[in-house]
Amino acid sequence: MAFWKLFARNRGAVIGLVILVLITVMAATAGLFFPQDPFSLAGQPMSPPGENGFLLGSDSLGRDVAAGIAHGAKTSLLIGLLATLVAVFVGIVMGALAGYYGGFIDNLLMRLTEMFQTIPSFIFAILLVAIMKPSIESIVIAIAVVSWPAVARLVRGEFLSLRNREFVQACHTLGMSDLRIMLGEILPNCLSPVIVIGSLMVATAILIESGLAFLGLGDPNIMSWGFQIGAGRTLLRSAWWVCTFPGIAILLTVLAINLVGEGMNDALNPRLRERS
Amino acid sequence: MTRLLDITDLHVALPPESQRPYAVEAMNLHLEENEILCVVGESGSGKSLTARAVMGLLPKPRVRIAQGSVLFQGEDLAQASEERLRAIRGSEISMIFQEPMTALNPVMTIGVQIDEVFRFHDRMPGKERRRRALKLLQDVQLPDPEQTLKAYPHELSGGQRQRAMIAMALALDPKILIADEPTTALDVTTQAQVLKLIKEMQASHGTGVLFITHDFGVVADIADRVCVMQNGLVVETGTTDQVLRRPSHPYTKALIGAVPDLVPRPARARSSETVLRVRHLEKTYRSGGGLFGGKERVVHAANDVTIDLARGETLGIVGESGSGKSTVARCIVRLNDAEAGEILLGDTDLRPLGRAAMRPHRARIQMVFQDPFASLNPRTRIGKIIAQGPMMYGASAEAARARTLELLDIVGLDARAYDRFPHEFSGGQRQRIGIARALALEPEILVADEPVSALDVSIQAQILKLLDEIRDRMNLSMIFITHDLRVAAQVCDRIAVMQRGQVIEVGPTAELFANPTASYTRELLSAVPGKDWFSEPAISSETP
């Protein structure tokens, strides 16, 4: 509960958490409130918000914007989380090996990491999805591939400083195996910054996913906020609501995740605790 | 004599969630012109915060002066504005810190940093400033002042940096100099020189010095008056003679009694069985060189080191920082790989063994580390920290638990410690846990690398006693690395003195102390602070 106390000191983080919970609830109950396929034609096209039974209006084909947002929330959160998990896993493995062993392995892995970092991440993601054909899996892989280098660098730095600490050396003198020292001794001590960077990466992943869907590189069978904005962009002057509401959804989600991430940083990073 | 500083009823408040409401409570203290007042206390006694309160450098608003006054020549600094304080700091009251490397700006030359002091407080032409800076560096006896002005902090040694700090602090001829543990980070011989310098500078400028330290040896060497603090309270004030010879408060008595005696304890019989023989050990560190040229630096950390360890004896390795004593210890436990030589444990040479081949021998040599705060994994429970060693070597969970509880008892900790985390323990308790961990594998040899140097004096005594008891009880042989000759005198049967990677002298403690053959050993012995005060048995015998 000490963690919650520290977290709650940052009021923005609490607000972010509330928004995030609401969005999650919306994603989970999408099927309940909008049982129909969000791609189905639900009524008159181009209805403004509040008219013809559309809470947030409908688009040029008569699809319900509100239904799209609710179902799209599921896509965004799912892809954000999955891509981040994959990226964090890869990043931890690479960073841990590089930081712990140093020398040749470190050089090899870090040059590899730099190769990935030198390519602009969004263009790289577009390229990967285009090659692999748009689908949930290919989007997750593409986002993970462009995101892991940051985690790898962070974990490497932590391992580099922790491996020379006396408690790690004490484990060496006990004759503990490398794997056990890495997983059991060092990793738990560098999880806090990884959790923080991971939470912020979810936000970036959602943005990349929306961008891909906007460009028409999303999974064609799954509703997504980026797809909605892409579909409504030609109608921006005649039907503002088609783009605006999914845009607000992205804004709120990314903002909420960033706020939560910052709150976690304050709570988990003891050096910053005394600052306020 | 004029009174420079008069502290009355000073209360420094701590944040509400702290262990006690006030860091400093109801303090009354005064400092006269031309005197050195030592504030002594253990960690957490509030001595450093007192200095910061005087300088107006408390980490506000969480820590602040709640009550009382700090009169500097009649002016209350507790009420003074930030501007006024800034004008006073550096020119009227200046400060030197414990770690000169972090107190100096690493990207500015010494000359520029001294120049800044003049520029911020006085108007004078550049030539005059430079002349004064040179004069200051001469005064603090830095070799080649011209060169030092152009030097960056990392190009100077620790002692030289501290001299440069003192030069900066005295640049504007302040009335008060506050020194916060200025010699703690230095080697003994350097410490002796810096203490002498502070005393000389103080006498020639008539400065009042508020000297904060934890070391009674330093107090004995430098102080005119002493103020002893405990948990934020001043428990005793008096002249050096009064406090050191006739301490009235039990806490002062205990502190003075805990200062280890420089007279070695009686020698013990030495076993004829040798458990560890180190032969011609070599270890070098290389830095620089590489792709872009540059000169490669080669440091001989261990140069032809040969030592023997008999069963049941404690061999001390003493030396200053950089002498290679820690390197030797780390090579013996195989944390570092030596390049040549033999480390014979029984009949096995450990030096060439690979990691896998070393594993069966690991349990026979265990290590106790210096820093009790870094040597325990903050996220692991004490029980696991101690029990994981035996369990790795095949003990069952119950057996390991039973062994751990037994060890906790041996090192004087409660069985409840088993389920706690390291941060719930004090430094001394953590060191006990570190010792229990090392003992869990039932080693024959214990290598202790400065095991008490991070601890307060009173805790030090307890840990040393514990190590002694354990050695006798388990028939351990011990290699004890230390820079502190007092500590060495109390625990070591034999001592090896190291300098620049070489063992320059080995001998039984009493003989070595009485008749040192190497000049370096003599130098080390004469630099021990407070040796004239604490070598008399009259003081140590009457303490509890």
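Projecting the Cα atoms of B:Gln388, B:Ser426, B:Pro378 onto the dipole axis of region B:378-442, where Lys and Arg carry +1 and Asp and Glu carry -1 at the beta carbon, places B:Pro378 farthest toward the positive end. For region B:72-209, a crude dipole built from +1 on the beta carbon of Lys and Arg and -1 on the beta carbon of Asp and Glu, taken about the Cα centre, is about 460 debye to the nearest 20. Under the membrane-span-like helix rule (DSSP H runs whose alpha carbons stretch at least 30 Å along the helix axis, mean Kyte-Doolittle hydropathy -1.0 or higher), chain A yields A:65-101, A:136-162, A:191-214, A:240-268. Within region B:1-103, none of the trypsin sites (Lys or Arg not before Pro) combine a DSSP coil assignment with at most 12 other C-beta atoms in a 10 angstrom radius. Each Lys or Arg adds one and each Asp or Glu subtracts one; over the other residues with Cβ under 14 Å from the Cβ of A:Ala67, this totals -1. Peptide A:161-169 has a mean of 5 when you count, residue by residue, the C-beta atoms of other protein chains within 10 Å of its C-beta. By its C-alpha gyration tensor, with a ≥ b ≥ c as the square roots of the eigenvalues, how is region B:378-442 shaped: rounded for a/c under 1.5, else prolate for a/b larger than b/c, else oblate? Cα axes put region B:378-442 in the prolate bin. The mean count of C-beta atoms from other chains within 10 Å of the C-beta of residues in A:260-266, rounded to a whole number, is 0. Counting only whole DSSP H helices of chain B, the ones at least 15 Å long by C-alpha along their axis and with mean Kyte-Doolittle hydropathy no lower than 0.0 are B:110-121, B:382-392, B:397-410, B:457-474. Under 11 Å from a point 7 Å along the Cα-to-Cβ line of B:Ala26: which residues of region B:228-251 have their amide N that close? From region B:228-251, the list is B:233-234. What does the charge add up to near B:Gln162, with Lys and Arg as +1, Asp and Glu as -1, over the other residues with Cβ less than 13 Å from its Cβ? Result for the local shell: -1. Put in order of Cβ neighbour count within 10 Å, fewest first, the listed residues B:Thr189, B:Thr240 become B:Thr189, B:Thr240. Modelled this way, with points 7 Å down the Cα-to-C-beta line, the labels at B:Asn515 and B:Thr102 are 4.6 nm from one another.
A cut-off under 12 angstrom between Cβ atoms defines the neighbours of A:Ile92, and their net charge, with Lys, Arg +1 and Asp, Glu -1, is +1. Here the calculated FRET efficiency for A:Asn221 and B:Ser248, from their Cβ-Cβ distance with R0 = 51 Å, stands at 0.05, rounded to the nearest 0.05. If a/c stays under 1.5 just call it rounded; otherwise compare a/b with b/c (prolate if a/b is bigger, oblate if not). Do that for chain A, with a ≥ b ≥ c from the square roots of the Cα gyration tensor eigenvalues. Prolate is the answer for chain A, as a/c is 1.5 or above and a/b outweighs b/c.
Coordinate-derived values only; no laboratory data. Predicted, not measured: the structure shown is a model, and the values here were computed from it. Virtual Cβ from ideal backbone geometry, glycine too; neighbours counted across all protein chains shown.
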